[in-house]
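S.K.: Just dropping this structure here.
Derivation of every value follows stated rules applied to the coordinates shown; laboratory data play no part. Fair warning: this is a prediction, and the values are worked out from it, not measured in the lab. Neighbour counts run over all protein chains shown; Cβ positions are idealised from the backbone, glycine included.
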Amino acid sequence: MSLYTFDGQGLKRMILGGTLLLAQHKAEIDALNVFPVPDGDTGNNMYLTLLAAAKEIQDMESVHIGEIAEAAAQACLMGARGNSGVILSQLVRGFAKALAGKERANALEVVRALEEGADLAYQAVMNPVEGTILTVMRRSAKAARSAIQKNYDLLRVMIITLREARMALRETPQLLPVLKEAGVVDAGGRGYVVILEGILHALKQAEDIGLLKNFAAYQENKISQGSRMSKEIDAEIHYTYCTEFLVKGSAIPLETLRHELVPYGDCLMVVGSGEVAKVHIHSNHPGLVLESCLNYGSLDQIAIHNMKEQNQQFNNDPAPEKEMGIISVGSGEGIVDIMYSLGADAVVVGGQTMNPSTEEILRAMQGVAARSILILPNNKNIVMAAEQAAALVKDREVKVIATRTIPQGLSALLSFNAERDLEHNYRQMTEAAQAVLTGEVTRAVRETTSSGIKIQQGDLIGIAEGAIVAVGNEPEQVIQEMLAKMLTEEHSLVTLYYGADIGEQAEKIVEGLRKSFPEIEFELHYGGQPLYHFILSVE
């Protein structure tokens, strides 16, 4: 069987074939994580990015290959998630650029599209690193160029392209020492190889794939559902009064207080220390809430607002456009509430394992009435999607502050000054973010070695500024070891945000830390973040 030219429907089959196989292998790709942490999401990000293209073109009847390629590229651009998804979207954009205006394509034009895609992918990364998906893309495109010199059969060219991609993938650990030490190949490169395998399989089939209509795994990933959160109040308000106040006392049991208040409403937040706790809740009985909290201390700074009246006023008189708006990314009930309290106009819920798409960030911006926008991605794997979303906005100035962790984002929010202009705030918030050190505590999902440290599955690991520096069985022990390596004479404050699966244990841990580091001030807040037991900010 030989194939020398194909049209738009042929390209559609190739994209659907790549998406189908990627869906079947995404969990395996997710597991190819350098760190043994439960947040590998490369496979899922690449899958959801290519899925956006597959869904867009699946019912297109056009045979014009340029039209199919352009529709797929635009869908990938909007659906891109994580760095791997953004890079993949640039590959598809390269295809669209190379095939623009064409009704059919031959093998030579596919080779040009692969080369264009690899070039755009490299351009999308500020500091390209060899041993990643970029290397696999470049080498496979180069092999395709060599193959076309001898044979114009597309099937033959794609077989050679795939063969070189597999070889390049196997060699990624030789180019990146962290891959070699972890005993894995590059996850993005593996995803690209899977896509090529799916494309080749689709080219060999004579019948329609019927991919999205018959394959259950193509249902939208639930991670993306409900992943946008804004300050707007739903049309149907179940609880009338937004109630906020401080509880001042001694040894306030935050977790106990939180459990007592759950029956009174929703959007509950109880954060603080044993001496001062901040309570936020939406309730129909604010008096009962206040009475319950009086059992634990005195009340201060009480504020009760009627949300139904506020909502009606908002609908009748929308908020005026402000000079600057802030979009922040975060996950966990406490983290999100803190971001709003520090001035974020909208919070896109996302982070580890659930990177928001370009479109989700773009929609958040569209919902903020401001002449200019600052975006805080707060995760190294979301920065590229944020920058891609910012580039799509033409009617106002948008700047991305490249915050790579939650503490960096919160520090940036604290330094925002509404009285100063966009450029000043961009510089000031960037400096504030860079002045913060970040620590994280989570459990290892597999056995590995990192930076010479042997790790067993289930171990608690402490990650300081992206490097594993402590391993143990108890959170306090891991945090103490981590802080011993992070703290210097310049540091005076450590803030801990505890996760959804940590209760009153958090307060006991902080008390132990205060004894071990008496010269350091410790603050404790409920973050509610998944996967990570603790997130630490060191200042």
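S.K.: Quick one: which of Lys248/Lys278; Lys102/Lys150; Lys180/Lys454 span more than 20 angstrom between C-alpha atoms?
M.R.: Flagged as over cut-off: Lys102/Lys150.
S.K.: Quick one: Karplus J couplings for the stretch 431-447, per residue in order, coefficients 6.51, -1.76, 1.60, θ = phi - 60°, nearest Hz, x for Gly and Pro?
M.R.: 4, 5, 5, 6, 7, 9, 9, 10, x, 9, 10, 8, 9, 6, 9, 7, 7
S.K.: Calculated from DSSP H runs of 4 or more alone, at -39500 (n - 2.57) each and per residue, what is the 222 nm mean residue ellipticity of the chain, nearest 500?
M.R.: -14500 deg cm²/dmol
S.K.: What ³J(HN,Hα) values, in whole Hz, does the Karplus curve 6.51 cos²θ - 1.76 cosθ + 1.60 give for the stretch 111-123 when θ = phi - 60°, with x put for Gly and Pro?
M.R.: 4, 4, 5, 5, 5, 5, x, 5, 5, 5, 5, 4, 5
S.K.: Let me ask something else. For Phe6, Phe517, what ranking results if the residue with the fewest other Cβ atoms within 10 Å of its Cβ goes first?
M.R.: Fewest to most other Cβ atoms nearby, the residues stand as Phe517, Phe6.
S.K.: Within 10 Å of each residue's Cβ, count the other Cβ atoms and sort Val349, Val136 from fewest upward.
M.R.: Exposure proxy ranking, most exposed first: Val349, Val136.
S.K.: So, in Å, what gap is there between the alpha-carbon centers of the stretch 509-539 and the stretch 425-440?
M.R.: Answer, in whole Å: 19.
S.K.: Nearest-5 percent of antiparallel DSSP beta bridges in the chain?
M.R.: 70
S.K.: Give the longest segment of the chain that steers clear of trypsin sites (Lys or Arg not before Pro) in DSSP loops with at most 10 neighbouring Cβ atoms within 10 Å, not counting the sites themselves.
M.R.: 223-393
S.K.: Output the Cα-based Rg and Dmax of the stretch 437-538 in Å, rounding Rg to one decimal and Dmax to a whole number.
M.R.: 12.8, 36
S.K.: Give me Rg over Rh for the stretch 321-435, both radii from the alpha carbons and Rh done the Kirkwood way, two decimal places.
M.R.: 0.92
S.K.: Separation of the stretch 372-389 and the stretch 480-500 by C-alpha centroid, Å?
M.R.: Each part's Cα centre sits 26 Å from the other's.
S.K.: Between Ala470 and residues 5 or more places away or on another chain, which pairs have amide H atoms under 5 Å apart, with H built 1.01 Å from N, and which residues are they?
M.R.: Residues meeting the amide H criterion: Gly462.
S.K.: Given H placed 1.01 Å from N in the peptide plane, which residues other than close sequence neighbours of Glu521 have an amide H under 5 Å from its amide H?
M.R.: It is Leu493, Val494, by chain and number.
S.K.: So for the stretch 374-447, what are the equivalent ellipsoid semi-axes in whole Å, largest first, each being the square root of 5 times an eigenvalue of the Cα gyration tensor?
M.R.: Working from the Cα gyration tensor, I get semi-axes of 26, 17, 7 Å.
S.K.: Given [x] 71, 50, 45; [y] 100, 64, 38; [z] 83, 60, 45 as candidate values of Cα extents along the principal axes in Å, which corresponds to the one derived from the coordinates?
M.R.: [z]
S.K.: Karplus couplings for the stretch 244-249 from phi (6.51 cos²θ - 1.76 cosθ + 1.60, θ = phi - 60°), rounded to Hz, Gly and Pro as x?
M.R.: Values, residue by residue: 9, 5, 10, 10, 10, x Hz.
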